[in-house]
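What follows is a short report on a single structure.
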Amino acid sequence: MEINVKQVSKFAIPLVCLCALGRAQAPVQSGMRPPYSQNWNLSIERAIARDYLLDVRYVGNKGTYLPRFIEANPTIYGPGVNADNNNEMRQYTTCNSAGICNYGSVGLIPDDSNST
């Protein structure tokens, strides 16, 4: 089954999901850049008097192009929704009388997150 997923990010990302029945799908953004982290530190030590030492330190970290999961077919929670029937309560789904749904979770893994 082929399902075209609408744009769920601020980027124009073409997505085509080849979904098996009831299975979660997580397509990766095309042209995804590899994530990386930057680490730095600064340390200053000064003797103030004969028996005193001043020690000041700073440590920093930053992550860039971090992957994250965006749910494109969320479950609509309300009374009676539980782990057994949450696929039936998804925003975009069609389930038959036996409870078999066309697809479950459909998400996107973009690289548009950063940490500071």
### Summary
Among residues of the stretch 88-110 being over 24 Å from the mean Cα position of the chain (by Cα) and outside any strand (DSSP E or B), the residue modelled with the lowest pLDDT is 99
### Query
Got a sec? Which of 30, 37, 43, 113 is modelled with pLDDT of 75 or more, touching an Asp or Glu at 6+ places or on another chain (Cβ under 8 Å) and exposed (fewer than 14 other Cβ atoms within 10 Å of the Cβ)?
43
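Scan the stretch 63-80 for residues that are aliphatic (A, V, I, L, M) and modelled with pLDDT under 80 and jot them down.
Start the filter on the stretch 63-80 by keeping residues that are aliphatic (A, V, I, L, M), which leaves 66, 70, 72, 76.
Across the stretch 63-80, the qualifying residues are 72, 76.
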### Query
List the pairs whose first member sits in the stretch 54-67 and is under 7 Å from residue 35 (Cβ atoms), whose second member is aliphatic (A, V, I, L, M) and assigned to a strand (DSSP E or B), and whose Cβ atoms are under 6 Å apart, counting only residues at least 6 apart or on separate chains?
67/109
#### Entry: Residue that is nearest to residue 29 (Cα to Cα) [pool: residues in the stretch 63-87 that are in contact with a Ser or Thr (Cβ under 6 Å, 6 or more places away or on another chain) and not in a loop (DSSP other than H, G, I, E, B)]
66
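The values are calculated or read from the model by the stated rules, or taken from the named source; none is laboratory data. Source: prediction; values computed, not measured. Here the Cβ is made from the backbone with ideal geometry for all residues, glycine too, and neighbour counts use every protein chain on show.
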